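This report concerns only the one structure given below.
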Amino acid sequence: MALREIVKDGEPLLRKKSRPVESFDAKLHALLDDMLETMVAANGVGIAAPQVGILRQAVICELEVEGSEEGEILEMINPVITSKKGKQIGPEGCLSVPGKRCDVLRPECVTVAFQDRYGKRKERVLCGFNAVVASHEIDHLSGILFYDKEVKVKKK
Ligand code: CO
């Protein structure tokens, strides 16, 4: 595994659409391993392939697991949100946009269809924090950054 450089906001690449992954090969596995190492080293809870300069539809999320200190690492290849339910608003940041945080409107729950690193088709329902992370990372594959969806919340 190797650390990869994180592409920062301002680079046009971050605004481009990623292409689907077609080969579930050693090159993809190396990319995913590197993305995880890069995410962990940067203290992130999610990372998308374009953030390491690769315009392919691959993301990694560190999900919260109820009743556990340890998160679950979920790799999603060619992810598609197939349904959304409810709403939540909360602060987000991004490894590609250091120093910026703002409130974003997200679904409370999302259903995601995706493939694993071997190409096997899967589906997960993610809610709460996990829905935020998944939505944020999947947005990167369309060139969308979290602050595009900023909502101004009246503070007490
Ligand atoms: Co991000």
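The values are calculated or read from the model by the stated rules, or taken from the named source; none is laboratory data. Note that the coordinates shown come from a computational prediction; the quantities given were computed from them, not determined experimentally. Please note: Cβ atoms are built from the backbone with ideal geometry, for glycine as well, and neighbour counts cover all protein chains shown. All accessible areas refer to the heavy atoms of the entire protein, side chains included, with ligands and DNA or RNA removed. Shrake-Rupley method; radii C 1.70, N 1.55, O 1.52, S 1.80 Å.
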- Under 12 Å, Cβ to Cβ, from PRO98 - net charge with Lys/Arg +1 and Asp/Glu -1: +2
- For LEU105, enumerate residues with amide H under 5 Å from its amide H, sequence gap 5+ or separate chain, H modeled in the peptide plane. VAL151
- Could you pull out the GluC sites (Glu not before Pro) across the range 1-94 that fall in loop regions by DSSP (anything but H, G, I, E, B) with no more than 13 other Cβ atoms inside 10 Å? GLU5, GLU22, GLU66, GLU69, GLU70
- Query: Are any of the pairs LYS27/LYS100; LYS17/LYS120; LYS27/LYS84 more than 25 Å apart by Cα-Cα distance, and if so, which?
  - Reply: LYS27/LYS100; LYS27/LYS84
- Taking a Cβ-Cβ separation under 4.7 Å as the criterion for a possible partner, which cysteines of the chain have none? CYS61, CYS94, CYS102
- trypsin sites (Lys or Arg not before Pro) in the range 1-88 lying in a DSSP loop, each with at most 14 other Cβ atoms within 10 Å of its Cβ, come to LYS8, LYS16, LYS17, LYS87
- Go through the range 93-108 residue by residue and turn each phi into a ³J(HN,Hα) via Karplus (6.51, -1.76, 1.60, θ = phi - 60°); whole Hz please, and just put x for glycine and proline. x, 7, 4, 8, 10, x, x, 9, 9, 7, 6, 10, 8, 9, x, 5
- Message: Could you work out what % of the accessible surface of the range 12-149 is carbon and sulfur, using a 1.4 angstrom probe and leaving DNA, RNA and ligands out of the count?
- Response: 51 percent
- Value in Å of the Kirkwood radius, where the chain supplies the Cα pairs that are averaged: 15.7 Å
- The long-range amide H neighbours of VAL7, using H built 1.01 Å from N in the peptide plane and a cut-off of under 5 Å, are VAL52, GLY53
